[in-house]
């Protein structure tokens, strides 16, 4: 072997081929996962990338918090940030960590109650449709059919219970819609549990036309008491759903930033008071069925101007217009 060939052979033996991951993929997992995951980084190659990646992570986190980019983009960005953090920690088996973290993010996205479902736009649109249908169905129970020889005045008098029930429930659903709209103006993002709680509210509201027709048809006696109990129980369920929705939004960081603590405390008190009031109104049906209707109307009027008379964003309200 010549001197040049020996020199070339020694240089080739000392040079390391670039790693493409194939050898690592064929290896079995070591007995200790920690030994494979937490290997010290190479200071000459990993530290500068780690610093720049962490800076990128810091820039992207506010966007993820605000729910920008759609649910798929947020899921991909969240996985990217997690991979960046693992890379900054100096992991050697990045492909294993990426696969593990991707599975964890998909589980969080699809199966967890905390899984994000985007902004509140689609939820509001769906809720508006259900509430619009429910409030429209109320008028179908109001019928004015004068018989032969009966005047229209007398027929209208006979239909007064139906019209009163229609007006009372129209007020209830209308104020539920207004408060729902005002509440979700403060929601920056939606998770799976909030979607389910909103469905509970919509189910109770969609059920309201049935007890409304019953209280119009049965105004006294045991049947009237039963109808009023069902009517009050349905409204109480709506109040329970509203409280659960508000608790989810305010306690899980789903609101937009800047909502004052005084506003949150005020809504807490008012929603809980409303729930207790509807439960009491339902119980009053055991005394007199008309008391339930009157008290539920008064309770609805308490929320006619929104969930709270305070401004949710006092800083924005105090800012002068330009």
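When you look at residue 294, is it closer than 29 Å to residue 196 by Cβ, modelled with pLDDT of 90 or more and assigned by TED's automatic domain parsing to the domain that holds residue 167, yes or no? First the steps, then the outcome.
Values: closer than 29 Å to residue 196 by Cβ: no; modelled with pLDDT of 90 or more: yes; assigned by TED's automatic domain parsing to the domain that holds residue 167: yes.
No.
Before we move on, is residue 120 in contact with a strand residue (DSSP E or B) (Cβ under 6 Å, 6 or more places away or on another chain) and touching a residue at least 24 places away in the same chain (Cβ under 8 Å)?
yes
Within segment 280-306, can you find the residues that are under 26 Å from the mean Cα position of the chain (by Cα), surrounded by 13 or more Cβ atoms within 10 Å (Cβ to Cβ) and not in a helix (DSSP H, G or I)?
Listed by number, the residues that qualify are 303, 306.
Conditions (1) closer than 21 Å to residue 206 by Cβ; (2) in the same structural domain as residue 167 (by TED's automatic domain parsing); (3) out of contact with any strand residue (DSSP E or B) (no Cβ under 7 Å at 6 or more places or on another chain); (4) buried (at least 17 other Cβ atoms within 10 Å of the Cβ), marked per residue:
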| position | (1), (2), (3), (4) |
| --- | --- |
| 220 | no, yes, yes, no |
| 226 | yes, yes, yes, no |
| 229 | yes, yes, yes, yes |
| 232 | yes, yes, yes, yes |
| 245 | yes, yes, yes, yes |
| 248 | yes, yes, yes, yes |
| 255 | no, yes, no, yes |
| 272 | no, yes, yes, no |
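Among the listed residues 216, 178, 203, identify the single one that is at pLDDT below 95, surrounded by fewer than 17 Cβ atoms within 10 Å (Cβ to Cβ) and either assigned by TED's automatic domain parsing to the domain that holds residue 291 or closer than 23 Å to residue 162 by Cα (or both).
Details: 216 fails: surrounded by fewer than 17 Cβ atoms within 10 Å (Cβ to Cβ); 203 fails: at pLDDT below 95.
Criteria check complete, one pass: 178.
Among the residues of segment 228-261 satisfying the criterion of being out of contact with any helix residue (DSSP H, G or I) (no Cβ under 8 Å at 6 or more places or on another chain) and assigned to a helix (DSSP H, G or I), which is nearest to residue 312 (Cα to Cα)?
261
The values are calculated or read from the model by the stated rules, or taken from the named source; none is laboratory data. Predicted model, so just to flag it, every value in this text is computed and none were measured. Methodologically, a virtual Cβ is constructed for each residue, glycine included, from the backbone with ideal geometry; neighbour enumeration extends over all protein chains shown.
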